[in-house]
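For reference, the structure is listed below as structure tokens.
The values are calculated or read from the model by the stated rules, or taken from the named source; none is laboratory data. Bear in mind the structure is a predicted one, so any value in this text is a computation, not a measurement. As a convention, Cβ positions derive from the backbone with ideal geometry for all residues, glycine included, and neighbour counts pool all protein chains shown. Just so you know, the surface numbers come from the protein's heavy atoms only, side chains and all, with ligands and any DNA or RNA stripped out. Shrake-Rupley method; radii C 1.70, N 1.55, O 1.52, S 1.80 Å.
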Amino acid sequence: MSDETPNSVTMQKDGEVAVIIVNNPPVNALSWHVREGLKTHFEAALADDGVKAIVLRCDGATFIAGADISEFGKPPRGPDFNAVLNMIEAAPKPVVAAIHGTALGGGLETALVCHYRIAVPSAKLGVPEVKLGLLPGAGGTQRLPRVVGVEAAATMTSLGDPVPAPKAKEMGLVDELAGEDSLAADAIAFARARIADGPRPTREREVFGDVAAIEQLKTANAKRWRGFEAPYANLACVEAATRLPFDEGLAFERQEFMKLMMGSQSAAQRHIFFAERQAAKIDGLPKDIKLRDVKKVGIIGAGTMGGGIMMNFLQKGIPCTIVEMQQEALDRGLGVVRKNYDASAAKGRFKPEQVESMMGLITPSLELEALADCDLIIEAVYENMDVKKEIFGKLDKIAKPGAILASNTSYLDVNEIAASTSRPGDVLGMHFFSPANVMKLLEVVRGDKTADDVLATAMATGKKIGKVAVVAGVCHGFIGNRMLAPRQIEAQKLLLEGATPAQVDKVHVDFGMPMGPFQMSDLAGVDIGWHRDPNRIESIRDALCAEGRWGQKKQAGFYDYDDKRNPSESPRVAEIIEEFRQKAGVEKREISDQEIVERTLYPMVNEGALILEEGKAQRASDIDVVWIYGYGWPVYRGGPMFWAGLEGTDKIAAALEKHGFEVAPLLKEKAAAKAGF
Ligand code: 3H9
């Protein structure tokens, strides 16, 4: 940003109503110059005796969407935000916030110091700071309970979900709904009508509602909030509002806000906010590259993956043709899709008629030829190069010119697949994560010959269907699974040396992962990728598979499972491990939790460094996005590469060396500079 103060706040007059207008694209964030402009223009409006009421509104797509997150952690500039807000609240003339788009975070806090709020029906109001590891630090936790009550304030602050304007009106957060296209005029009329009422400072209103709601929220969300600090800090502030005078509550909120702001969790969550948006950008490609139309999608394979992938498109109203080899498999696949939608409808996520219209968008077929009119074809058959090459060879003859041909492979060489067609420029990987209708990650695998517009279209399509898409280069396992491999290998070695599956898993769960390596293996299927020869036993996993311990589906894997899939440690697995240990001549020893971290998590950072060196990921933050959205890495640790910076790259490199790993040159470089990625 230049040093010159941008003219981001202006004032107009309509008779005795002053209209203060913020214009700071793209989201009217409260950058230093906006705070300065607000101060200047409110002071002017207050000093002007001809002004009897004030409207605050925004130009562009939205009302103020919050503090300027990019200013966080930098030296403060411009006037103190709370001081500006206190001045607005203390105005002796009624102040009206006119809201469209989203009033979020500091934006809603600004609206809360205004004495009245008018909003268009499509507007949304919320305090999403918790999603950035923060809390509303400009009075939001103290003013909201005075406007919407303790329960709603506790819910809004701790969950961070925005409320649509009509609901906000019911809650008392919005006083009046404006016409969708006449906010500016309606707000002026509304303000004029408030002149007789005078100001209504929020701080002078009473907190109301039952404080018991706070404990109920904690109980209901215990699992979701495991490891997170911010939801609890938000609730502590709302609770403080119920017993402290306003100014003391404000001081408490400030103190809690600063604690979060200085902590690593919020730094990690803010990193991910920007990382997610950055991931959508493809280096070296113009932003305005012309995309190909994707109006009809073809899916090959109606298994769990194919069906799940298709659901994403149906939900966006995009017709899909799905092809299977056998009628029975096709029927079974479509049956699963219907069952999933019916289950969602039962939970109220869809109306029954929506389910019907989505199912109506499907064209099932047993012939690849049925894909001839599709703009994007995604192959989701099992992982076998010969099979995939055969399919792509056939598709080459069937697909219309310009159609994008994608493989959902999770490991295989996309260049080799592309070479089986006469149009490798149209081929790439679109690697969805299971369950594909739920998991947000999409790895878009760019082949050596993938055309730029094909890549850009696949990324945009990912966004359209609600995924977070990340570009990956061709290598075994791309970004996510490639980094998973060293972790799994080392976890097995640790068993041999004396750790138990439960110990390794607990370290990962305590770290914040949804499950550890062995729990994951049991869930996914221990037999995935197994050579299927029960007489060839070369690893602990081979031994488990040979005995039919294929994981949860067999009620036996690295753990034993009861009928309800509750795990318990398995004496049989302990025996298998012991046999192996003896055969390998390895002596059993005590393994510390720290060693598990060093040998299973640090190697992931090392692999991430190699991926970066080889240019298989565009940037370190893309790797973080992959692990957050594809594997449940705790967002408050910011992804493996961000976490490496917190943990210390020097410490990581030294520990890897100690354990006999070859340290990636890039990691060595970072370690020498004591720098993060
Ligand atoms: C806060 O308010 C703290 C306070 O309590 C008190 C402090 C004392 N700042 O998402 P999009 C950028 S914390 C800076 O793609 P959409 C974004 O990076 C804040 N930049 O658009 C992107 O840049 P680029 C509480 C921001 O239409 C561009 O704007 N508020 C900010 O899909 C477009 O963003 C929030 O947490 C920001 N606050 O969605 C709201 N917001 O084009 C965060 C966005 O270079 N924002 N940018 O990649 C959002 O949720 C969405 O951006 C929003 C628009 C819904 C507003």
Practice problem: Compute the acute angle (0 to 90°) between the alpha-carbon long axis of helix 649-658 and the principal axis of greatest extent of the alpha-carbon atoms of the chain; round to the nearest 10°. | Solution: 20
Quiz item: Expressed as a whole number of Å, what is the distance separating the alpha-carbon centroids of the range 122-193 and the range 438-488?
Solution: 37
Quiz item: If r is the Cβ-Cβ distance from residue 255 to residue 23 and R0 is 41 Å, what FRET efficiency results, to the nearest 0.05?
Solution: 0.75
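For the chain, give the share of DSSP beta bridges that are antiparallel, in percent and rounded to the nearest 5; count only bridges with both residues there.
Working: 18 of 62 bridges.
In the chain, approximately 30 percent of DSSP beta bridges are antiparallel ones.
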Exercise. Note down the nm distance, to one decimal, between modelled labels 7 Å out along Cα→Cβ at residue 411 and at residue 43.
Key: 6.7
Practice problem: Mind giving me the nanometre distance, one decimal, between the label points for residue 247 and residue 122, set 7 Å out from Cα along Cα→Cβ? | Solution: 4.4
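Can you tell me, using C-alpha contacts under 8 Å and at least 6 residues apart, the relative contact order of the range 331-425 as a whole percent?
Details: 76 pairs, mean separation 23.4, N = 95.
Across the range 331-425, relative contact order equals 25 percent.
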Quiz item: Using just the C-alpha positions of the range 470-520 as equal point scatterers, what log10 of I(q)/I(0) does the Debye formula give at each q in 0.24 1/Å?
Solution: -0.88
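Taking all pairs of different Cα atoms in the range 513-665, averaging 1/r and flipping that mean, what Kirkwood radius in angstroms comes out? Each step should come with its number before you reach the end.
Values: mean 1/r = 0.0567 Å⁻¹.
Over the range 513-665, the inverse of the mean reciprocal pair distance is 17.6 Å.
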Quiz item: Roughly how big is the range 268-312's charge dipole about its Cα centre, with Cβ charges of +1 (Lys, Arg) and -1 (Asp, Glu), in debye to the nearest 20?
Solution: 140
Practice problem: Pop a pseudo-label 7 angstrom from the Cα along the beta-carbon direction at both residue 182 and residue 274 and give the gap in nm to one decimal. | Solution: 4.4
Quiz item: Treating the beta-carbon of each Lys and Arg as +1 and of each Asp and Glu as -1, no other charges, what is the dipole magnitude of the chain about its Cα centre, to the nearest 20 debye?
Solution: 480
Practice problem: Could you tell me which chymotrypsin sites (Phe, Trp or Tyr not before Pro) in the range 32-87 are loop residues by DSSP with no more than 13 other beta carbons within 10 angstrom of their beta carbon? | Solution: 72
Quiz item: For the range 273-393, what relative contact order do you get, as a whole percent, if you take Cα pairs closer than 8 Å and at least 6 residues apart?
Solution: 34
Quiz item: Name the chymotrypsin sites (Phe, Trp or Tyr not before Pro) in the range 377-419 that are in a loop by DSSP and that have at most 11 other C-beta atoms within 10 Å, would you?
Solution: 382
Practice problem: Kindly provide the chymotrypsin sites (Phe, Trp or Tyr not before Pro) of the range 190-225 that DSSP labels as loop, not H, G, I, E or B, and whose Cβ sees at most 15 other Cβ atoms within 10 Å. | Solution: 208
Quiz item: How high is the relative contact order of the chain, in percent, counting Cα pairs under 8 Å that sit 6 or more residues apart?
Solution: 9
Self-check item: Proximal lysines to residue 223, defined as alpha-carbon separation beneath 26 angstrom and excluding residues fewer than eight positions away on the same chain
Solution: 131, 259, 347, 440, 467, 506, 553, 564
Quiz item: When you take every Cα atom in the chain, what is the radius of gyration, and what is Dmax, the widest Cα pair distance, in Å?
Solution: 28.3, 93
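From the Cα gyration tensor of the range 201-292, with a ≥ b ≥ c the square roots of its eigenvalues, which class applies: rounded if a/c is under 1.5, or else prolate if a/b is larger than b/c, or else oblate? Mind showing how you got there, number by number?
Details: a/c = 2.57, a/b = 2.21, b/c = 1.16.
Since a/c reaches 1.5 and a/b is larger than b/c, the shape of the range 201-292 is classed as prolate.
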Quiz item: Roughly to the nearest percent, how much of the accessible area of the range 370-437 is carbon and sulfur, given a 1.4 Å probe?
Solution: 54
Quiz item: Leaving out ligands, DNA and RNA, what percent of the accessible area of the range 147-302 is carbon and sulfur, probe 1.4 Å?
Solution: 54
Practice problem: Pull out a ≥ b ≥ c, the square roots of the eigenvalues of the alpha-carbon gyration tensor of the range 298-341, then state rounded if a/c is under 1.5, prolate if not and a/b is larger than b/c, and oblate in the remaining case. | Solution: oblate
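Per the helix-only calculation at 222 nm, which mean residue ellipticity applies to the chain, given -39500 (n - 2.57) for every DSSP H run of n ≥ 4 and division by its residues, nearest 500 deg cm²/dmol?
On the way: 28 runs with 309 residues, N = 677.
Value at 222 nm, helices only: -14000 deg cm²/dmol.
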Quiz item: Taking R0 as 22 Å, what's the FRET efficiency between residue 385 and residue 328 from their Cβ-Cβ distance, rounded to 0.05?
Solution: 0.25
Quiz item: When the label point is put 7 Å from the Cα of residue 363 along its Cα-to-beta-carbon vector, which residues of the range 276-315 have a backbone N closer than 13 Å?
Solution: 295-299
Self-check item: Value of Rg/Rh across the range 363-452 [Cα atoms, Kirkwood radius]
Solution: 0.94
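Taking the Cβ of residue 294 as the centre, find all other residues whose Cβ is under 15 Å away and add up their charges (Lys, Arg: +1; Asp, Glu: -1). Provide the component values of the computation, followed by the final result.
Details: positive: 290, 292, 295, 296, 316, 400, 463, 464, 467; negative: 293, 373, 375, 426, 453.
Net charge around residue 294: +4.
I'd like to check one number: the per residue accessible area of the range 1-94, probe 1.4 Å, reported in Å² as a whole number. Let's see the in-between values first.
Values: 4240 Å² over 94 residues.
Ligands and nucleic acids excluded, the figure is 45 Å² per residue.
For residue 588 and residue 538, compute 0.36 nm times the residue count separating them, minus their Cα-Cα distance, and round to one decimal in nm. If you can, show how the numbers build up before the last one.
Numbers: separation 50, 0.36 × 50 = 18.00 nm, distance 1.91 nm.
That works out to 16.1 nm of additional length.
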Quiz item: How much length is gained if the chain between residue 646 and residue 205 is pulled fully straight, taking 0.36 nm per residue apart and subtracting their Cα-Cα distance, in nm to one decimal?
Solution: 154.5 nm
Quiz item: What FRET efficiency, computed as 1/(1 + (r/R0)^6) with R0 = 51 Å and r the Cβ-Cβ distance, is obtained for residue 396 and residue 74, rounded to the nearest 0.05?
Solution: 0.45
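Shape verdict for the range 516-603, please, from the Cα gyration tensor: rounded (a/c under 1.5), prolate (a/b greater than b/c) or oblate. Let's see the in-between values first.
Numbers: a/c = 1.57, a/b = 1.20, b/c = 1.31.
In terms of gyration-tensor shape, oblate.
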